[in-house]
1. Which one is nearest to Glu102 (Cα to Cα) among residues in segment 25-52 that are loosely packed, with under 11 Cβ neighbours inside 10 Å and among the hydroxyl-bearing types (Ser, Thr, Tyr)?
2. Got a sec? Which of Glu60, Glu28, Glu45 is at pLDDT below 90 and in a helix (DSSP H, G or I)?
3. Going by the conditions given, is Val55 hydrophobic (A, V, I, L, M, F, W, C), surrounded by 10 or more Cβ atoms within 10 Å (Cβ to Cβ) and at pLDDT 90 or above?
4. For segment 58-83, enumerate the residues that are surrounded by 10 or more Cβ atoms within 10 Å (Cβ to Cβ), closer than 12 Å to Val100 by Cβ and free of Cβ contacts under 8 Å to residues at least 12 places away in the same chain.
5. Please go through segment 63-112 and give me each residue that is of a type in the set (Ser, Thr, Tyr) and assigned to a helix (DSSP H, G or I), ordered by number.
6. Check segment 3-10 and report whether any residue there is within 18 Å of the chain's Cα centre (by Cα) and either assigned to a helix (DSSP H, G or I) or surrounded by 10 or more Cβ atoms within 10 Å (Cβ to Cβ) (or both).
7. Does Ala19 fit the bill of being surrounded by 10 or more Cβ atoms within 10 Å (Cβ to Cβ), over 20 Å from Ile74 (Cβ atoms) and modelled with pLDDT under 80?
Amino acid sequence: MCAALQEALRAEAARRIEASAAATRAAEFSLRMALQALEVDLQQETRYLARYDAVKRAVEACFDVRNNTLATLIHGALQNDNVVSRNRRRQFEGQVSAEVFELIERTARDCE
């Protein structure tokens, strides 16, 4: 085999090895980021669901509130630093007593 061809084959082999190593590093990085995202997201979602369930149980133990109304109020409070917004209070004031709003906020704070 001529020297030029051998050199070209060596160069191509080296390029493929480097490309393979770069792809491996990229895949390893992607896997690390995916695992970290799963761990963080799953922990946050688990905490959120536990708090949501605790607030829902507390309200249902004392008041009769429609499920979709209660879900909207709890979700809003948990997303709004444990406070039912003025807008939500106005929206549901005819359906829900002030005590429900207060219980949602108090229970959400207590479950942090």
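1. The selected residue is Thr46.
2. Working: Glu60 fails: at pLDDT below 90; Glu45 fails: at pLDDT below 90.
Residue meeting the stated conditions: Glu28.
3. Numbers: hydrophobic (A, V, I, L, M, F, W, C): yes; surrounded by 10 or more Cβ atoms within 10 Å (Cβ to Cβ): yes; at pLDDT 90 or above: yes.
Criteria met by Val55.
4. The answer is Glu60, and nothing else.
5. Correct list: Thr69, Thr72, Thr107.
6. Initially, segment 3-10 is screened for residues within 18 Å of the chain's Cα centre (by Cα), giving none.
Within segment 3-10, none of the residues are within 18 Å of the chain's Cα centre (by Cα) and either assigned to a helix (DSSP H, G or I) or surrounded by 10 or more Cβ atoms within 10 Å (Cβ to Cβ) (or both).
7. Working: surrounded by 10 or more Cβ atoms within 10 Å (Cβ to Cβ): yes; over 20 Å from Ile74 (Cβ atoms): yes; modelled with pLDDT under 80: yes.
Yes; evaluated as a whole, the condition is true for this residue.
The values are calculated or read from the model by the stated rules, or taken from the named source; none is laboratory data. What you are looking at is a predicted structure, and each value in this text was computed from that prediction instead of being measured. Reconstructed Cβ throughout: ideal geometry from the backbone, glycine too, with neighbour counts over all protein chains shown.
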